[in-house]
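So the structure is just underneath, and the comments pick up after that.
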Amino acid sequence: MTHEREITEPVDLCLPSGRLNPDAVGWSRRPLHLGNLRGWGRAKRWEYWGVVTPGHIVGLVASSLDYAGVHGVYVLDRATGRELNTDAVVPFARGTVFADRSGLGRTSVRGGGIEIDIEEGPHGSSVRATAPGVQVDLTMPLPDGHESLGVVIPWSSRRFQYTVKDVGRPVHGTLTVAGRTVAISAGDSFAVLDHGRGKWPYRIRWNWAAGSGPGRAIQLGGRWTDGTGLTENALFVAGRLHKIGDELRWSYDRTDWLRPWRITGTRVDAHFHPFHEKVSRTELGVLANETHQCFGHFTGWAETDGGERVDLDGLTGWAEEARNRW
């Protein structure tokens, strides 16, 4: 069992002053935090949906950095390796609407040829997005008893992040690329949500890995949480969350991102085998980003709260390193 404090009742992320609410620090099995950010300039809000199907990988990001909206629509054809990628930077995040609570409300962004609309409610989520040559229309039902990982990372009373990592959601709908429509079915496709609300340091680096498969999913993070007393690590079995409180060791080759990765800790020994690398770079003066996101398959194991080792073989997803100046 983890040493970290579990949040079990609804709580505001921020105090009326805009500083971090101490009662919000901890982790939860379902979205309980109200992202009531105050102030301007360091606040970050985003919704990222990653979807893995037998034929494609789809990534949709809607975000506000206060002084800019940074949005993206990405599609990888797994058979050919062809990528379609549209990114947009919108000054002062004009045309953005973000819900304050994960799982409830509407998120909508416009700009640079991208439109993304997300509707969330007690029975699930729907996502519709358009970009040049791409249309996405997806529904992510919320199964009974399904748990997600929410965690507040406290760097200080002024710098903190609330994230929800919802891994292994069933998904169905359609993906249209260059006029060709492909059906996405819940039996063999999975979605991952990364919901973020917080006030970040100007420079940050993180690792993130997520993998999904029938009845199992894994969520692993690193670097950005180190030393805070909390992690964003969890194993999911049949929709049930098993919180992993260890800080993990990440091993990978920054000169060859497609070599195998290894992520280890007391309750995790995960091996990640990439088949494709997506590279994103932004250089806009004060705003800069470099992300190497590799898609691939997992092997290895992770341990439940009761000490059972669960096989990760065959889970599909990604592992990444991101460096931000924002």
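Identify all lysines with a Cα-Cα distance to Lys243 below 27 Å; exclude those on the same chain that are fewer than 8 residues away in sequence.
Lys44, Lys165, Lys199
Once the Cα gyration tensor of the range 118-226 is diagonalised, what are the square roots of 5 times its eigenvalues, in whole Å and ordered largest first, as equivalent ellipsoid semi-axes?
29, 18, 13
I'd like the carbon and sulfur percentage of the solvent accessible area for the range 243-326, probe radius 1.4 Å, heavy atoms only, ligands and nucleic acids excluded.
Answer for the range 243-326 is 44 percent, counting heavy atoms of protein chains only.
Which residue, Ala186, Ala270, Ala129, tops the fluctuation ranking in a GNM of the chain built on C-alpha contacts under 10 Å?
Judging by the Gaussian network model, the answer is Ala186.
Hey, could you grab the Kirkwood Rh for the range 88-180? Inverse mean 1/r over distinct alpha carbon pairs, Å, one decimal.
15.3
Dividing the alpha-carbon Rg of the range 16-157 by 2.2 N^0.38 Å yields what?
Working: Rg = 16.4 Å, N = 142, 2.2 N^0.38 = 14.5 Å.
With N residues counted in the range 16-157, Rg over 2.2 N^0.38 Å equals 1.13.
Looking at the range 1-92, what % of the alpha carbon pairs are farther apart than 23 Å?
On the way: 2046 of 4186 pairs.
Tail of P(r) above 23 Å: 49 percent of Cα pairs.
Please compute the per residue accessible area over the chain with all protein chains in place, 1.4 Å probe, rounded to a whole number of Å².
40
Convex hull over the alpha-carbon atoms of the range 200-276: what's its volume per residue in Å³?
Hull volume over Cα atoms, normalised by residue count, gives 117 Å³.
As a test of the definition: which semi-axes, in Å, follow for the chain when you take the square root of five times each eigenvalue of its alpha carbon gyration tensor? Largest first, please.
For the chain, the semi-axes come out at 26, 25, 20 Å.
List the chymotrypsin sites (Phe, Trp or Tyr not before Pro) in the range 16-65 that DSSP assigns to loop (not H, G, I, E or B) and whose Cβ has at most 13 other Cβ atoms within 10 Å. Which are they?
When the chymotrypsin sites (Phe, Trp or Tyr not before Pro) of the range 16-65 are filtered for loop state and at most 13 Cβ neighbours within 10 Å, Trp40 remain.
Name the most mobile residue of Arg30, Arg106, Arg259, meaning the one with the largest mean-square fluctuation, in a Gaussian network model of the chain with Cα contacts below 10 Å.
Most flexible of the set in this elastic network: Arg259.
Using a ≥ b ≥ c from the Cα gyration tensor of the range 40-96 (square roots of the eigenvalues), is it rounded, prolate or oblate, where a/c under 1.5 gives rounded and otherwise the larger of a/b and b/c decides, a/b for prolate?
Prolate, because a/c is 1.5 or more and a/b exceeds b/c.
Looking at the calculated P(r) for the range 157-310, what percent of the C-alpha pair distances fall above 19 Å?
Everything past 19 Å amounts to 61 percent.
Points 7 angstrom from Cα along the Cβ direction at Asp253 and Asp137: gap in nanometres?
If labels sit at Asp253 and Asp137, their model points lie 4.5 nm apart.
For the pair Leu284 and Arg106, how long in nm is the line joining their label points, each one 7 Å along Cα→Cβ?
The answer from the label model is 2.5 nm.
Could you list the chymotrypsin sites (Phe, Trp or Tyr not before Pro) in the range 172-231 that lie in coil according to DSSP, counting only those with at most 12 other Cβ atoms within 10 Å of their Cβ?
Tyr202
In the Gaussian network model of the chain, springs joining C-alpha atoms below 10 Å, which of Ala183, Ala302, Ala99 carries the largest mean-square fluctuation?
Ala183
Where in the range 134-212 are there trypsin sites (Lys or Arg not before Pro) that are in a DSSP coil and have at most 14 other Cβ atoms within 10 angstrom of their Cβ?
Arg158
The values are calculated or read from the model by the stated rules, or taken from the named source; none is laboratory data. Bear in mind that the values here come from a model prediction, so they are computed numbers and not experimental data. Here Cβ is always computed from backbone atoms with ideal geometry, including for glycine, and neighbour counts include all displayed protein chains. Areas reflect the complete protein model, heavy atoms only, side chains present, ligands, DNA and RNA absent. Shrake-Rupley method; radii C 1.70, N 1.55, O 1.52, S 1.80 Å.
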